[in-house]
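> I have a structure I would like to understand better, so I am pasting it below and will then ask my questions one at a time.
The values are calculated or read from the model by the stated rules, or taken from the named source; none is laboratory data. All of these numbers come straight from a predicted model, not from anything done at the bench. Every residue, glycine as well, gets a Cβ built from its backbone with ideal geometry; the counts of neighbours run over all protein chains shown. Heavy atoms of the whole protein, side chains included, go into the accessibility calculation; ligands, DNA and RNA do not. Shrake-Rupley method; radii C 1.70, N 1.55, O 1.52, S 1.80 Å.
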Amino acid sequence: MHILLVVVEFGIVLGFLVLIHELGHFIVAKLCGVRVETFSIGFGPRLVGFRYGDTDYRISILPVGGYVKMAGELGGDGSPLNGEAPTGAPDDLTSKPRWQRVLIALAGPVSNFLVAFVLLFLVAHYHHEVDQYLNGAAVVDYVPQGSTAASVGISAGDTITRFNRIADPNWEKILEESALNQNRPIPIAFTHNGETRTSTLTITVPPNTEFGLDDVANVGLIPRMDPGPINVLTVTGGTPADRAGLQAGDQLVTINGLQLHSVPALLAFLKDNKGAPDTLGVLRNGQPLTLTATPEKMETPGAGDQYRLGFTYRPPPADIEHLPIGASVSQSIKDNREGSMLILRVIKGLFTRHVAVNQMMGPVGMAQQIDIATQMGIWPLLNLISIISLNLGIFNLMPFPLLDGGMILFLIVESIMRRDVNQQFKEVVYQVAFVCIILFAFFVIFNDITKLHLH
């Protein structure tokens, strides 16, 4: 029954996003006077639907996407082997100016970007989460070996009592002062084993980069984000955590006897330990357990290879704020920009071999994440839907045949050549692209299945 529920959740989310994407194409095509023959959610043979006017509205058998089939369009019906030649009718897609065809192609991804913006605006306006540790005492959770903080004597458990001119700062004030004093020595005071010590720290920020929490962590100041242990949300199959016997719902209390309260601190510790076997002190249903895990290097977008155990964690405690409309707009733009840059870094990593293809998440993995977010509540679910919508928009802009970016690329080439690309050549390209996409989909789904964590 739970598997059926996961399938239903996945179908609703993906169906909604595909509907929005294809609706963008549909509306702009209609505005440009193009006859739309098919509006489909999913690919392949028709399951159910109805006809209204010139358009067949349908749900197809493979629920991994969708398409709008316009008159005179090749390779747009979900099966390019059945493409038909343009008739030259005034309502054919190919009869329209190229700039209109570019707008039609852009309309789908833009619709996904708009959905992501609206969803994150709603989250910011009604449920903006601010981590509680930002407003609490500035307690250091872990100090990496060889870091600047370690060199001035700061250790795990120490509390920052002065940062620049701010007495008893919280982490939010430390971030603010660091942003205002980048690459300059900052006087600090901290308590160590009940003794107050003073020193200076320089928060170094690389040129042309935006300041963030990572810049403070890079000097060795990793905040204690949670008063309690790290809570395991899910465990990825085939990872060190899985082989060690770690399970969803476990609490990671200690690692090699050291109490850590955040995943950034855990990752820094694993890096210092250089992949050596670790003893995990775990609390499961109130009962203490001891597990042994050997971390492995895994590619992390934007962070390179990192030693990891292979589990997701429950976020630290947070307070809820209701941002005003203007601040909600700014926050949504910021969140969408950061999400887009992360996706682009992943895509770049795939082509530069810095990210392994088997790390990609397909429909099965996406369904698992949707199920987890649904159990956590409506706001985490809306956050996840916005990320999926961004992925869908960016993926469709890639210059690959059958995708919107491929259509735009053909139109740009034709504009440069000042004539249409040979229609038979286009059809062959679409056929090859269709086979590649089907093979890629099967690979990603197979990869998802091999990573399933079942007990």
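> If you check ALA356 against the conditions, is it small (Gly, Ala, Ser), touching a strand residue (DSSP E or B) at 6+ places or on another chain (Cβ under 9 Å) and modelled with pLDDT under 90?
For ALA356, the condition - small (Gly, Ala, Ser), touching a strand residue (DSSP E or B) at 6+ places or on another chain (Cβ under 9 Å) and modelled with pLDDT under 90 - is met.
> Would you tally the residues in region 387-428 being farther than 19 Å from HIS21 by Cβ, open to solvent by less than 30 Å² (accessible area, probe 1.4 Å) and of a type in the set (Asp, Glu)?
1
> Any residue in region 180-192 that's in contact (Cβ under 8 Å) with a residue 24 or more places away in the chain and open to solvent by 30 Å² or more (accessible area, probe 1.4 Å): show its pairings with residues that are among the basic types (Lys, Arg) and in a loop (DSSP other than H, G, I, E, B) at Cβ separation under 9 Å, as long as the two are six or more apart or on different chains.
Once the first residue is in contact (Cβ under 8 Å) with a residue 24 or more places away in the chain and open to solvent by 30 Å² or more (accessible area, probe 1.4 Å) and sits in region 180-192, its partners that are among the basic types (Lys, Arg) and in a loop (DSSP other than H, G, I, E, B) give PRO187/ARG165.
> Going through region 359-386 one residue at a time, which ones are modelled with pLDDT of 90 or more, under 12 Å from the mean Cα position of the chain (by Cα) and open to solvent by 50 Å² or more (accessible area, probe 1.4 Å)?
ASN383
> Also, I was wondering about something else. From the list THR196, THR161, which residue is among the β-branched types (Val, Ile, Thr) and buried (at least 18 other Cβ atoms within 10 Å of the Cβ)?
Step by step, each of THR196, THR161 is checked, and only THR161 is among the β-branched types (Val, Ile, Thr) and buried (at least 18 other Cβ atoms within 10 Å of the Cβ).
> Out of (1) free of Cβ contacts under 8 Å to residues at least 60 places away in the same chain; (2) surrounded by 13 or more Cβ atoms within 10 Å (Cβ to Cβ); (3) under 29 Å from the mean Cα position of the chain (by Cα), what's the single condition that is false for THR204?
(2)
> Would you mind finding the one in LEU175, LEU252 that is modelled with pLDDT of 95 or more and of a type in the set (A, V, I, L, M)?
Step by step, each of LEU175, LEU252 is checked, and only LEU252 is modelled with pLDDT of 95 or more and of a type in the set (A, V, I, L, M).
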